[in-house]
Amino acid sequence: MVLVLLAAPLLTGFVRKVKARLQRRRGASLIQPYRDLRRLLGKEAVIAENASWLFRTAPYLIFALTWVAASMVPTFAGGLMFSWTGDLIVIIALLGAARFLLALAGLDIGTGFGGIGASREMMIASLAEPAMLMIVVTLALIAGSTELATIAGYLETGAAGLRISLALALVAFAIVALAENGRLPVDNPATHLELTMVHEAMVLEYSARHLAMLELAASLKLLLTISMIVAIFFPFGMAGGGDGLIDIAACARGGLVWGGKLAAAGALLGGFETAIAKMRVFRIPGLLGIALMLGLLGTLLLYISQGL
Amino acid sequence: MIAVLAGVLALLALGGVGMSRSRRASGIVYGVSLLLSSALGLVGLHALLAAGPETVALPLGLPWVGAHFRLDALAGFFLLIINLGGAAVSLYAIGHGRHEHDKARVLPFYPWFLAALDLVVIADDAFTFLFAWELMSLVSWALVLAHHRAPGTLRAGYVYLVMASLSGLVLLLAFGLLAGANGGYAFALMRTTRPTPGIAGLALMLALIGTGAKAGLVPLHVWLPLAHPAAPSHVSALMSGVMTKVAVYAFVRIAFDLLGPPPAWSAVIVLLLGGASACLGILYALMESDLKRLLAYSTVENVGIVFIGVGLAMAFQASGFALGAALALTAALFHVFNHAIIKTLLFCGAGAVLSATGERDMDRLGGLIHRLPQTSVAMLIACAAIAALPPLNGFVSEWLTFQAILLRPALPQWGLKLMIPADGALLALAAALTAACFVKLFGIAFLGRPRSDAAREAHELDRFSRAAMLGLAAISLLVGIFPGVLVDVLAPVMREMFGARLAAQTPLPWLSLIPVAASRSSYNGLLVFLFIAFSTAATILAIHRVTSRSARRAPAWDCGFPDASAITQYSGASFAQPLRRVFAATLFGARETVTLPPPGDMAPARIEKALPDPIWDRLYAPFERLIGRLADFLNPLQFLTIRRYLVFVFLALVSLLLALALSQ
């Protein structure tokens, strides 16, 4: 759990670096996100006059919710300590709870930007969340379980083979992952043009330690989503779930493979973001609608025939 | 059993006290209602856990039939829900009811309403059932009309009365079909006789219409958003939180108990209506800016979710999969319980806002979290719970419903194979839209800056109301943390209905919830709650210990353009605008027109939105027009001379005789 937390800003830094290199800039150092966090933590918080207690507690709760969700996602080893606390649906719901609080925090100050961010975030979520759930249903029907560890273990054995529904789920998952993490073409994480912001608009009024918590939660969520994708669709090289005894060598190997997979996914993300432009807000539902339909199609195929 | 009847009689008698003009009548009526409801709720819980059903027959009602009452596990569970809601609302009303200006229009009917709700679930023959059902409708109609001078109330009462009569009439026909030609009106007789599949299917559809009209299934939901907001707030809480549940009870009783295993096609229809209600209900709610109307539409959504669970149970039962049926019905009844708690709390909160500010329009509220601190904590919990966020109770029932969808047994029918995954998507969509809707409710009404003087000067409520709301919020959290307890409490109902039950949940380590198998799915509310609480506390402590904890208050930054005027904030309508454009433009035909004045003209720019209601326009309005035209056409018949009336009588006699002669 702690490792995930430590690795999260590194991944963010890596994606930024890749983007910078592709744009022929040198880019900030890989550990810049850590420096940003330290700087933010040391500062005095400035809180708007009419902010309520919700505004001040929300960053901590959002961070905690994301962290708890992250602790249920297998990274480099199967057999997590807490994986039986909840299944994939619980993970999605925990992320949904974090988003719910963030949208409320955006509305708390009563500014136009907070409202626009919250409103658009909920619009995006209203399509991304069902798409995500349909992907879960597809996976659960294939693996006969909604437990992420069980699904990953089942797919690792290769018993599922190549299936149309899995391919549909992968495409849908990739779209949803972009939307969930506020990446291009849905939202621009680097924007400072007010009217194009979604996530940034909601956290506009935050400063210092509160902002640090939110930034950390966002990095953590990116890591979590990518880990989820690689755990489900590319589960090879994971250290098996040792009962009691932890095999250090296997864990180290799994950790290396996981790091490699993350780096590959991060590079892909950076390349994709460089290649594509931000969409108009009202074209996003079309994109997410595709994800939802693909998810539903995958489920329908499985209901009709076990083999597809 | 006797205790329940005594309680019902006492409630009926309490209505008499309510008629007195004494100043203390309000406190007495609500206080005694609180005690009686608590007692009845305990009786319900006892019946749920007790061994077998108890029956009583009284020589009342129809000759040769009498009045039968029966208290089994299902009735006990609903008795528990009704009286839990009733007790909380009575406690709330001890404080809130004092603000009522015309007490004599509410006090006599309130205990009668509670009594009628209780009577419906213990009735064991068609006559007693329908009598209690109609009593429930009529008394609640009287309560809807309590504020009869408010604009719109009379129309609400009229629409409600029409829909309630439709529901009563259709249920009468359904029971007629079930009773058969020999007139077996007692439920005990209906259980033993098995009608032919055609009759059973017809009776089931009639029962669906009759109970759906009461519960608010789309397209029979039109009266809910009119009538629920028109009533005094604590009555709205009962109508939305409890009365719709009684309708669900009636459907479950008829579909699973009185009729045999349902045909598979009927499950498709129930699933379709459930999915449609879930999605359309929450979309209507999103477009609404009136607090109580929004909550009424959200009730439509939740009833839809319950009926999805019920439909799944029917589908599984039709394919002979008892364990799946038990899981689906457990999910549905769990959601019934959750929604009863949450919606009662939400309506109490809306009532608190209404009495603190006099406003129901959320675009004139804002910033209430500062003025009503305790109410807003309760409302925040309720909003999170109804948006199905862990670790609260709303999440558990939706999670269970998903687990039921994921079971995927060998289904006999193509309709079901397509409908069940589609319902999964609709359920997911409804859940996400609910989150948006309740972010809107809480964010606009309770957060931000006050948009009117009334909201700026609101005052926290009396301690009874606050105690009721915080108590309900605590129940919501507790059930979310210990869901296994409620699942186990529901086990006798499942055994009664399907002869199968889910594995016992309470002995599992760490109070996990494992509906089917540990490798399949598990959820542990307690651990999720502990993890969240622990990590939040640890983070706050660590951050405050290690780094700076200084904070300074300053004006909002707002990208450098803060505007002092509160109307520059996002309003409810602007919050919902993206969703309106995405969903409502195609579904409801919502339109927006922007009028910009030409350059140089100082006139204001305008944006106009039109949000038609296609269900009312296409389904009800033509019917209304037809009735109106028919009435106009027949109107002259009122003013005829006696000779003409005699001619009519004579002609009627001749034609009847002719018909008789020709048919023999």
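The loop-placed trypsin sites (Lys or Arg not before Pro) in region B:462-553, going by DSSP, that have at most 16 neighbouring Cβ atoms within 10 Å of their Cβ come out as B:R549.
Counted by neighbouring Cβ atoms within 10 Å, the residues A:F113, B:F650 run from fewest to most as B:F650, A:F113.
I want the local charge near B:M362. Using Cβ-Cβ distances under 11 Å, sum +1 for each Lys or Arg and -1 for each Asp or Glu among the other residues. Charge balance in the 11 Å sphere: +1. Remark: relative contact order (chain A) = 31 percent; criterion is Cα-Cα distance under 8 angstrom and separation of 6 or more residues.
With the convex hull of the Cα atoms taken as the outline of region B:1-238, the averaged projected area works out to 13.2 nm².
Projecting the Cα atoms of B:I209, B:F446, B:V159 onto the charge dipole of chain B (Cβ charges, centred on the Cα centre) puts B:F446 farthest toward the positive pole. Convex hull volume of the C-alpha atoms in region B:257-361, normalised per residue: 86 Å³. Remark: mean inter-chain Cβ contacts per residue of A:95-102 equal 5, using a 10 Å Cβ-Cβ cutoff to other protein chain atoms. A cut-off under 14 angstrom between Cβ atoms defines the neighbours of B:A200, and their net charge, with Lys, Arg +1 and Asp, Glu -1, is +1.
What is the local net charge at B:L502, summed over the other residues whose Cβ is closer than 13 Å to its Cβ (Lys, Arg +1; Asp, Glu -1)? Taking every other residue near B:L502 into account, the sum is +2.
Only Cα pairs under 8 Å and 6+ residues apart enter the sum, and on that basis the relative contact order of chain B stands at 12 percent.
Residues A:V176, B:V647, ranked from the fewest to the most other C-beta atoms within 10 Å, line up as B:V647, A:V176.
Which whole DSSP H helices in chain A pass both tests: a Cα extent of 20 Å or more along the axis and a mean Kyte-Doolittle value no lower than 0.0?
Taking the DSSP H segments of chain A (at least 20 Å long, mean hydropathy at least 0.0), we get A:2-22, A:53-70, A:88-108, A:112-143, A:164-180, A:208-233, A:248-275, A:284-304.
Taking each DSSP H run with n ≥ 4 as -39500 (n - 2.57) and averaging over every residue of the protein assembly as shown yields -22000 deg cm²/dmol at 222 nm. Taking DSSP loops as anything outside H, G, I, E and B, show the longest stretch in chain B free of GluC sites (Glu not before Pro) there with at most 16 other beta carbons within 10 Å. The answer is B:1-456. Taking the Cα centre of the protein assembly as shown as origin and assigning +1 to Lys and Arg Cβ atoms and -1 to Asp and Glu Cβ atoms, the resulting dipole is close to 1440 debye. Going by neighbour counts of Cβ atoms within 10 Å, the residues B:H148, B:H459, B:H234, B:H221 line up, fewest first, as B:H459, B:H148, B:H221, B:H234. In chain B, the C-alpha radius of gyration followed by the widest Cα-Cα span (Dmax) gives 26.4, 101 angstrom. Spatially close Lys pairs in the protein assembly as shown, defined by Cα atoms under 14 Å apart and a spacing of eight or more places or different chains, total 4. Our compactness index for the protein assembly as shown, the C-alpha radius of gyration over the empirical 2.2 N^0.38 Å, is 0.98. Long hydrophobic helices in chain B: the complete DSSP H runs spanning 30 Å or more by Cα along their own axis with mean Kyte-Doolittle hydropathy of at least -0.5 are B:25-49, B:73-96, B:153-179, B:264-287, B:291-318, B:322-357, B:414-445, B:525-546, B:642-663.
Here, region A:2-304 yields an orientationally averaged convex hull projection of 16.0 nm² when only Cα atoms define the hull.
Normalising by the residue count of region B:462-529, find the relative contact order in percent from Cα pairs under 8 Å and 6+ residues apart.
Relative contact order comes out at 26 percent.
Among beta bridges identified by DSSP and lying wholly in the protein assembly as shown, the antiparallel ones come to about 75 percent.
For region B:536-664, the normalised intensity computed at q = 0.12, 0.19, 0.23 Å⁻¹ comes to -0.90, -1.22, -1.27 (log10 of I(q)/I(0), Debye sum over alpha carbons, equal scatterers, no solvent). What fraction of the Cα pairs in region A:106-229, stated in percent, has a spacing above 25 angstrom? Roughly 35 percent, rounded to a whole number.
No value in this document is a laboratory result; all are computed from the given coordinates. This one's a predicted model, so the numbers in the text were calculated from it and none came from an experiment. Note: ideal-geometry Cβ built from the backbone for every residue, glycine included; neighbour counts use all protein chains shown.
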